[in-house]
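Student: The structure's right below; bear with me while I get my questions together.
Nothing in this text is a laboratory measurement; each read-out follows from the coordinates by a stated rule. Since we're looking at a predicted model, the values are computed, not measured. Note that we place each Cβ from the backbone using ideal geometry, even for glycine, and neighbour counts take in every protein chain shown.
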Amino acid sequence: MNEQAFIEALRLLPLDPGARGLADDCAVITLGSETLILTHDMLVEGTHYLPDADMADVAWKLVATNLSDLAAKGAEPVGVLIGHMLGRDDERFVSGLAKVLAHYKVPLLGGDTVAGAGTRTHGLTAIGRATCTPVPARNGAQPGDALWLVGEVGAAMLGFEALRDGTGADHAAYSRPHARLAEGQALAPLTHAMMDISDGLLLDAFRMAEASQVTLAIEGAQVPVAAPERRLECLTWGDDYALLAALPDGTQPPCEATRIGVIEPLGFAPLVVDGEPVLNASGLGYRH
């Protein structure tokens, strides 16, 4: 099974309404007067980080990527639960974990450790508290909205290449990404739809368009990229954790952001890039 087939199989299981049909990055659970946001992401050696990576960087990335999902919901983090496979440099992993939790002021709530052979995996569940309701989803983009990007894309690609090739260039965008929690909380009361960019801007935009049953029209030249001479690669590489938001036309984002397109009624294709329709998601970004 590929990722999409597996998710389709899971949708046949009993689901809580808070699971949002497994079509979003987080579950949204209302408990009394509070709305909790829950997400879980994993990192796999050789897929999400290089086999010789600094384990302190791995711990940072594990936490930050999960907090990025909370950011896309405008959530305030409550705490995290960690799943860790023991192996080399566990002391470095703990050191990195301490730094990232202190940076975001997020407590560790518990978790599990295992020992095993072969490829290492690490999982983390992040729990957040909604700062506004309704909680933003992927499926709320409306015709007439403006499409905004908080951050740039392509920096993680350059960071990965710097690590892979040992050039000594800055690799923080890849190894220690930034979760845009403050920006997400500022945008949440205003946005019709929001998600973070983890698998590539074009692929995630395609997903938002499909979920919202609209067409996203993107002007590629307006997208802030880390490597203008490699613009298409920047638009598809992923791992940047920028925020993509659909705001009512005329609404100015309360944080630094770039307008990169508009939302149109669903037409011939879910995604249009520089006037060219994109009919399927093949080649738009990273897929398992």
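Student: Let me spell out the model: positive unit charges on the Cβ of Lys and Arg, negative unit charges on the Cβ of Asp and Glu, origin at the Cα centre of the chain. What dipole size does that give, in debye rounded to 20?
Tutor: So the dipole magnitude of the chain works out to roughly 500 debye.
Student: Run a plain Debye calculation on region 194-243 (Cα atoms as equal point scatterers, no solvent) and give log10 I(q)/I(0) at q = 0.22 Å⁻¹, rounded to two decimals, same order as the q list.
Tutor: -0.79
Student: Sticking with this one: Per q in 0.12, 0.17 Å⁻¹, report the Debye log10 I(q)/I(0) for the chain, using one uniform scatterer on each alpha carbon and no solvent.
Tutor: Log-scaled intensity ratios, in q order: -0.76, -1.52.
Student: Of the peptides 134-142, 164-172, how do they stack up when ordered by the mean number of other Cβ atoms within 10 Å, highest first?
Tutor: Answer by packing, highest mean first, reads 134-142, 164-172.
Student: In what sequence, highest mean first, do 75-83, 275-283, 227-235 appear when ranked by Cβ atoms within 10 angstrom?
Tutor: Ranking, from highest mean packing down: 75-83, 227-235, 275-283.
Student: Just going by the charge dipole of region 52-176, with Lys and Arg at +1 and Asp and Glu at -1 on Cβ, which of 78, 113, 100 is farthest out on the positive end?
Tutor: The residue sitting most towards the positive pole is 78.
Student: Related question: Rounded to whole Hz and in sequence order, give me ³J(HN,Hα) for region 264-272 from the Karplus expression 6.51 cos²θ - 1.76 cosθ + 1.60, θ = phi - 60°, writing x for Gly and Pro.
Tutor: Each residue's phi maps through the Karplus curve to give 10, x, 4, x, 5, 9, x, 10, 10 Hz.
Student: Show that you can apply the helix-only estimate: for the chain, add -39,500 (n - 2.57) for every DSSP H stretch of four or more residues, divide by all residues, and state [θ] at 222 nm to the nearest 500.
Tutor: Result for the chain, helices only: -8500 deg cm²/dmol.
Student: For region 138-278, what is one quarter of the convex hull surface built on the Cα atoms, given in nm²?
Tutor: 7.9
Student: Can you work out D for region 3-130 in µm² s⁻¹ from Stokes-Einstein, where Rh is the Kirkwood radius over C-alpha pairs, the temperature is 4 °C and the viscosity is 1.567 mPa s?
Tutor: Calculated translational D: 83 µm²/s.
Student: Right, here's the next one. With +1 on the Cβ of every Lys and Arg and -1 on the Cβ of every Asp and Glu, and nothing else charged, how large is the dipole of region 138-278 about its Cα centre, in debye rounded to the nearest 20?
Tutor: Around 240 debye, computed over region 138-278.
Student: Taking Cα centroids, how far is region 174-229 from region 120-169 in Å?
Tutor: 7
Student: Using the membrane-span-like helix rule (whole DSSP H runs, Cα extent along the own axis of at least 18 Å, mean Kyte-Doolittle hydropathy at least -0.5), which helices of the chain qualify?
Tutor: Qualifying helices, which must be both long enough and hydrophobic enough, are 55-71, 90-104.
Student: Right, here's the next one. In what sequence, highest mean first, do 248-254, 204-210, 219-225 appear when ranked by Cβ atoms within 10 angstrom?
Tutor: So the peptides 248-254, 204-210, 219-225, ranked by packing, come out 204-210, 219-225, 248-254.
Student: While we're looking at this one, here's another question. Sequence-distant or interchain residues sharing an amide H contact under 5 Å with residue 242, placed H: which?
Tutor: HN-HN under 5 Å from residue 242: 197.
Student: So if we plug the beta-carbon distance of residue 219 and residue 7 into 1/(1 + (r/R0)^6) with R0 = 41 Å, what FRET efficiency do we get, rounded to 0.05?
Tutor: Efficiency at R0 = 41 Å is approximately 0.85.
Student: Follow-up. Tell me which of 215, 1, 201 sits at the most positive position along the dipole axis of the chain, charges placed on C-beta atoms (Lys, Arg +1; Asp, Glu -1).
Tutor: Final value for the positive-end residue is 1.
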